[in-house]
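> Got a structure here, written out as structure tokens. Questions coming.
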Amino acid sequence: MTKNSKIKISIFLLFSIVAISFLIFFQNYTYNFFDKKNRAFFYYNELRDKELQLNYNILKASFFLYEDYDEIAKLQKEMDNILKKFQTMLQDEDENIADLLQTYKLQIEHKNDLIERFKTLNAAIKNSTMYLATLLQKIPAKISSHNRNTIISIIADIFLIKNSLDEDFLHGIAEKIEKLHARQVAKTKFFTVFHAHIKIFLQNFSKYKHILLEILDNTPQKTLEKIKNHLEEKYFNEAQKLNSIFFAIIAFYIIALIFILLLLYKLEKDNRALKQLQKSLEDQTLHDDLTKLYNRKAFKKDVRKIKQPFFALVNINSFKHYNDFYGNATGDHILREVAKILKKITPHHYNAKFYRIGGDDFGILIDEKIPIDDANLAKTIIEYFDKHKITFKSVEIYLAVSIGITRKRPLIETADMALKYVKQHSSLHYCIYDDSLGFFQRIKENLKKSKILKEAIDKDLIVPFFQPIIDNKTGKIVKYEALARLKNDKGFYESIFPYLEIAKEAKLYEYITHSIIEKSFAEAAKQHKSISVNISMKDIENPDMLKFFGKMFAKYPDIAKYITFEILESETLKDYEAVKNFFSIIRSQGSQVAIDDFGSGYSNFSHIFNLEIDYIKIDGSLIQNLDKDESARQIVAAIVFLAKKAKIATIAEFVHSKEIFEAVKKLGIDYSQGYYIAEPSSTF
């Protein structure tokens, strides 16, 4: 993904986040707006209705003789609660409304005080009025009808005044009372009681009327109406803001939509360019950088499309030695030239595709629509290399190749089996695969080996055998190499080598290494003998294995000086720095290090010598034909010469005869190891 695409996508994501944020903000703002507005007008309506109900109940209490005050008290409490909520909601939002609410609160508190006074006066007036009504039935018979009528008239006026709240009738009552005082009736007990209640009414009515009218005054309602008007103005203004926000969001979304459309257009354009680039890069991933041939990945892709495959696996014989002896640059040149030659000499009408399958392995894949003469094609390739040399920087190199041919899937595996068959039979140069080569038999053998290996581990039947290494000058044994041996189901000890791949696949390799090293250390400590133990890159990269080595050195404090660690030359290529660090740690403990099978890998001399090693064990493939192979003799001589310059001791492996032993000594190799010297044994 390009930097511009990342920027565009980032902007798109930013727009999306902003858009979502706007939506969330607008939703919350709208919700809060309508929630507050609805609650505000709900509280307003509740206060207005409750106050009207309160006034109504006050009037009922004043008109009806038998009216309690429970409903009035309930309404007062409800109004107080509503007012508190109303004030809490608006106290920090609008100063004017908050002030009006405070005014309204004071007015309601004053009204409540008046109601309490009203209750007292209303009770007195109501009691006197009720009692006067009962006196109508108790007027003594001895009172004259004229006086009786006057008393009835006074009581009627009392009820009229109470219900009409008209004080003008009070003067008439006073005059009528004065007249009764002048008459004989004034001396009766009845009149005394009657006059006492009339007096209570006359003394309290003016206060009663004033308080009642003040309670019913609409000043609080006017204040509440002002609150309503302010609320309407407030929420109208906020609604305008809401509209502005809404239109701003709409505008933003329109702009965002335009931008997204432009971005999508640009992304589509970039995507087309990216697909073209991807196709170009994919083509690159299907080619080998060095030879420009198709690679193994391309082979796997192509082979699925072919119905009748013909596949030839071409291997450069002894390429590792050329690469090691002449250097990597020469090796690379050889690989490039072989790629060109294969393309040149393969008949064009086959429409063949060419691949670099591995390090020094090349593949020729043909869809066999017409029959191919296997032997003729193989001989054409082999004879070309026999007759033609490759030149690089004035160095002339003659190559030989081996070929495995197959038509049976899996092609690489079956062709490799045919190629291995060629390698095992030096008289052959090519081989055509058939089932008699034992591909499926090998699977059965692997299963059998896996069973034997697990049983050997369970029964502790994997032990070290020790093969002597002698000083070529003195003939004396200087150390032993610890070689893992497995006691098989027939009771014989055999090399662990055929089981190593099985061990790695079955996750048993680490156990075997532990067992051999621990037993070897124990024997070395007990016998005070110097031994070499083999380790792999897998061991070096395993933190648990490094801890194990530390425990072994701690368990046997004086063992380090007796131990040499051997690692294959080819293993050092995997992680050069890790190997170098490991060797440094081992040497600091007092142990020595050796490169095993030297001359079999891809590395050059300087690469290996920079590891600061103590020994080079020259590969057995170079040693075993030393008396007959001049090329091998020259390579070994070069190794010995450079090793002496670097003050590194050399050890010849696979010394299997007197002739080889004499050749080894003649070349100046320091030490020898092999069956001619001594076979591996369970004891020193």
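> How high is the relative contact order of the stretch 294-437? Use alpha-carbon pairs under 8 Å, at least six apart in sequence, and give a whole percent. Write out the running numbers ahead of the final one.
Working: 212 pairs, mean separation 40.0, N = 144.
Taking the mean separation of contacting Cα pairs over the length of the stretch 294-437, I get 28 percent.
> Expected output is a single nm value to one decimal: the length gained when fully extending between GLU505 and ASP70, i.e. 0.36 nm times separation in residues minus the C-alpha distance. What is it? Could you put the intermediate results ahead of the total?
On the way: separation 435, 0.36 × 435 = 156.60 nm, distance 9.29 nm.
So the extension gain works out to 147.3 nm.
> Just to be sure I understand the model, the point goes 7 Å from the Cα along the line to the Cβ. What's the resulting LYS628 to ARG148 distance in nm?
According to this spin-label approximation, the distance is 16.9 nm.
> Something else: For the peptides 310-317, 541-548, 229-236, what is the packing order when you average, over each peptide's residues, the other Cβ atoms within 10 Å and list the highest mean first? Can you show the working numbers first?
Values: 310-317: 23.4, 541-548: 12.9, 229-236: 15.4.
Answer by packing, highest mean first, reads 310-317, 229-236, 541-548.
> Taking Cα centroids, how far is the stretch 457-515 from the stretch 626-656 in Å?
A separation of 26 Å, based on Cα centres.
> Here's a follow-up. Checking the cross-link filter: which lysines have an alpha carbon closer than 16 Å to that of LYS266, excluding same-chain neighbours under 8 positions apart?
Correct list for LYS266: LYS3, LYS6, LYS8, LYS275.
> Sticking with this one: Give me THR291, THR380 sorted ascending by neighbouring Cβ count inside 10 Å, so fewest comes first.
Numbers: THR291 21, THR380 13.
Arranged by neighbour count, lowest to highest, THR291, THR380 become THR380, THR291.
> Here's a follow-up. Applying 1/(1 + (r/R0)^6) with R0 = 25 Å to the Cβ-Cβ distance of ASP575 and ASN328, what FRET efficiency is obtained, to the nearest 0.05?
Working: r = 18 Å, r/R0 = 0.71.
Efficiency at R0 = 25 Å is approximately 0.90.
> Let me ask you something else. Viscosity 1.567 mPa s, temperature 4 °C: what is the translational diffusion coefficient of the stretch 3-223 from Stokes-Einstein with a Kirkwood Rh over Cα pairs, rounded to a whole number of µm²/s?
Values: Rh = 22.2 Å.
Roughly 58 µm²/s, to the nearest whole number.
> Sticking with this one: Note the full-extension length gain between ILE258 and LYS555 as 0.36 nm times their separation in residues minus their Cα-Cα distance, in nm to one decimal.
Values: separation 297, 0.36 × 297 = 106.92 nm, distance 7.58 nm.
Residue separation times 0.36 nm, minus the Cα-Cα distance, leaves 99.3 nm.
> Be a star and scan the stretch 161-194 for residues whose amide nitrogen sits under 20 Å from the point 7 Å along the Cα-to-Cβ vector of ARG117.
Zone members listed by number: 162, 165-167.
> Among the complete DSSP H segments of the chain, which ones combine at least 24 Å of alpha-carbon extent along their axis with a mean Kyte-Doolittle hydropathy of -0.5 or more?
On the way: long enough: 3-63 (88 Å, 0.04); 70-90 (30 Å, -0.57); 95-135 (59 Å, -0.28); 145-164 (28 Å, 0.34); 189-215 (38 Å, 0.40); 219-285 (92 Å, -0.10); 328-345 (26 Å, -0.12); 439-458 (29 Å, -0.69); 509-527 (27 Å, -0.43).
The qualifying helices are 3-63, 95-135, 145-164, 189-215, 219-285, 328-345, 509-527.
> ASN317 versus LYS647, label points 7 Å from Cα toward the beta carbon: distance in nm?
Rounded to a tenth, the inter-label distance reads 4.2 nm.
> Something else about it: Please say if the stretch 221-301 is rounded, prolate or oblate, where rounded means a/c under 1.5 for a ≥ b ≥ c the square roots of the C-alpha gyration tensor eigenvalues, and otherwise the choice is prolate for a/b larger than b/c and oblate otherwise? Please list the in-between numbers first.
Working: a/c = 10.54, a/b = 5.28, b/c = 2.00.
Prolate, since a/c reaches 1.5 and a/b exceeds b/c.
> What size of dipole, in debye to the nearest 20, comes out for the chain about its Cα centre when the only charges are +1 on Lys and Arg C-beta atoms and -1 on Asp and Glu C-beta atoms? Mind dumping the intermediate values first?
On the way: 100 positive and 88 negative charges, 267 e Å.
Using only the charged Cβ atoms, the result is roughly 1280 debye.
> Let me ask another. Nearest 5 percent is fine: what portion of the DSSP beta bridges confined to the chain is antiparallel?
Numbers: 37 of 63 bridges.
If I count the DSSP bridges inside the chain, around 60 percent turn out antiparallel.
> Oh, and also: How do HIS656, HIS528, HIS349 line up, fewest other C-beta atoms within 10 Å first? Write out the running numbers ahead of the final one.
Working: HIS656 15, HIS528 11, HIS349 7.
By the 10 Å Cβ count, ascending, the order reads HIS349, HIS528, HIS656.
> Related question: How high is the relative contact order of the chain, given as a whole-number percent (alpha carbon pairs under 8 Å, six or more residues apart)? Could the numbers behind the result be given before it?
Numbers: 796 pairs, mean separation 57.4, N = 684.
Dividing the mean separation by the residue count of the chain yields 8 percent.
> Set the Förster radius R0 to 30 Å, insert the Cβ-Cβ distance between ASN446 and HIS656 as r into 1/(1 + (r/R0)^6), and round the FRET efficiency to 0.05. Present the calculation step by step, with values, prior to reporting the outcome.
Values: r = 29 Å, r/R0 = 0.96.
With a Förster radius of 30 Å, E is 0.55.
> What's the exposure ranking of THR120, THR414, THR406, THR134, going from fewest to most Cβ atoms within 10 Å? Show your work: numbers first, answer last.
Details: THR120 13, THR414 22, THR406 27, THR134 8.
Taking fewest neighbouring Cβ atoms as first place, the list is THR134, THR120, THR414, THR406.
> Once R0 is set to 25 Å, what does the formula 1/(1 + (r/R0)^6) return for the Cβ-Cβ distance between ALA248 and PHE41, expressed as a FRET efficiency to the nearest 0.05? List each step's numbers first, then the result.
Details: r = 27 Å, r/R0 = 1.08.
Once rounded, the FRET efficiency stands at 0.40.
> A further question follows. Taking a point 7 angstrom from the Cα of GLU93 along the C-beta vector, which residues in the stretch 38-59 have backbone N less than 13 Å away?
38-44, by backbone N distance to the label point.
> While we're here: State the label only: which of (i) 14, 39, 34, 12, 1; (ii) 16, 37, 27, 16, 3, 0; (iii) 12, 24, 15, 9, 11, 11, 10, 6, 1 corresponds to P(r) over Cα pairs in 20 Å bins from 0, in percent computed from the shown model?
Computed from these coordinates, P(r) over Cα pairs in 20 Å bins from 0, in percent corresponds to label (iii).
> Could you give the length gained by full extension between GLU494 and SER584, i.e. 0.36 nm per residue of separation minus their alpha carbon distance, to one decimal place?
29.0 nm
> Starting from the Cα of PHE33, move 7 Å in the Cα-to-Cβ direction to define the label point; list residues of the stretch 245-285 whose amide nitrogen is under 12 Å from there.
Within reach of a label on PHE33: 245-249.
A short reminder: the numbers here are calculations on the coordinates, not readings from a lab. These numbers come from a predicted model, not from an experiment. Every residue, glycine as well, gets a Cβ built from its backbone with ideal geometry; the counts of neighbours run over all protein chains shown.
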